[in-house]
Structures are given as structure tokens and as C-alpha cells.
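The structure appears right after this line, and notes come after that.
The values are calculated or read from the model by the stated rules, or taken from the named source; none is laboratory data. Because the structure is predicted, anything quoted here is derived from the model rather than measured. When we count neighbours, we look across all protein chains shown, and the Cβ atoms used for this are built from the backbone with ideal geometry, even at glycine.
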Amino acid sequence: MTIKNTIRISLLIVLALSVSLSVFLIRPIFSGIKKNSEELINQKQRINFLEEKIKNIEDFKKNQDEIGKNLEKIKTLFLESEAPVNFIGFLEQTARESQLSIKISPSASTKKAEDPWFSIIFEISSASPFPSLLRFLEKLESSPYLIKIQSFSVTRLEENDLKTKKLEDLSVGSVKAILSMKVYAN
């Protein structure tokens, strides 16, 4: 064997060892590093997600009293569907404070497909001076109940209208109003 052949064989062996070293040793190391990096990224994402949940829970615990108070307020927005006595009393008291006489006609509790809750329709009719009606409507608007106006009509009373026994206390320029509203109930 000559030196050239020995060098060639040695080069082939070194080349074969380099190729096998890169294939069997370096490549698995890099693929392991890549796999571990992906796992690390996933774990960091899970940790961030869990930290966010913990923060939300802590915020909820801090605000729990306020949330509870708001839930109680929300419960008071709905009137009792079986006995809406408190709401009718509220309407009568508000009318008295506004110097207004009203007639209240409630309907049965219903739940329509487009409504998220049960509701009771109230029709209120009144004949009064216009400023009294405005005071009543303002108080109704700021009431603690969840109300949706269905219809509202106002007509001015003429002299002929005031000759009836019911309306003799009113003056020209007073109005007759009919208000139909939906009040949400539980």
C-alpha cells in the first residue's frame, strides 16, 4: 500500500466519520434543541395564560363586594310578576308628587321571543296640565325599574273637552296623555 492509498483511505474514513457524526450525533442534538424550544414556548404560553387567569380571579375577589352590590341593584330593576303592587304604588306616589291624576291598567305577565325577560304592559292615562305630565315623565324615566315605552300620545284639551264632569278642574291648554309601557319582571 502506498502513501497515496493510505491518505485516500484515511480521508474516506475521516469523511465517513464526519458524515456519520453529523447524521447520528449533531442532527439529533439540533432536533432535540428545536423540540425543547417548542416545549419551552408552549410552557411559557401556558404560564402566561394561567397568570392572566390568576390576575382575573384576584381582580374579581377585590371587586366582589361591588359586583354583589350591582347584582342586588339589578335584581331591583325587575318587578315582581306575580304581584306588581310595589310598582303600582310607585306610579301612584309619583303621580301624587307630580300633581297628576292617573288611571293604571296592567296586563298579564308575558314573555315574547324578542324579549330577554318576562314583562307586564301598563297603560297609564291622564288628563292634567302639561308641566305636571312632564314632571311625572321625568320621575318615571329615572325610576329604579327597567321600563320600555311602547307608545305615547298627547292631545291638547279644548274648551269642549273641559265641559265634562271629569275634566272640569282643568284649564284650556291642559293635555290628555296615554302612555303604554313595558315593565320587565322576574
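Residues checked against (1) among the charged types (D, E, K, R); (2) at pLDDT below 65; (3) on the phi > 0 side of the Ramachandran plot; (4) in contact with a Leu (Cβ under 8 Å, 6 or more places away or on another chain):
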| position | (1), (2), (3), (4) |
| --- | --- |
| I149 | no, no, no, yes |
| V154 | no, no, no, yes |
| K176 | yes, no, no, yes |
| S180 | no, no, no, no |
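Can you work out which of the residues in the stretch 129-160 that are part of a helix (DSSP H, G or I) and touching a Ser or Thr at 6+ places or on another chain (Cβ under 6 Å) is surrounded by the most Cβ atoms within 10 Å (Cβ to Cβ)? Step by step, filter the stretch 129-160, then rank; the result is F136. Taking the criterion of being at pLDDT 75 or above and surrounded by fewer than 11 Cβ atoms within 10 Å (Cβ to Cβ), the residues of the stretch 70-102 that qualify are V85, G89.
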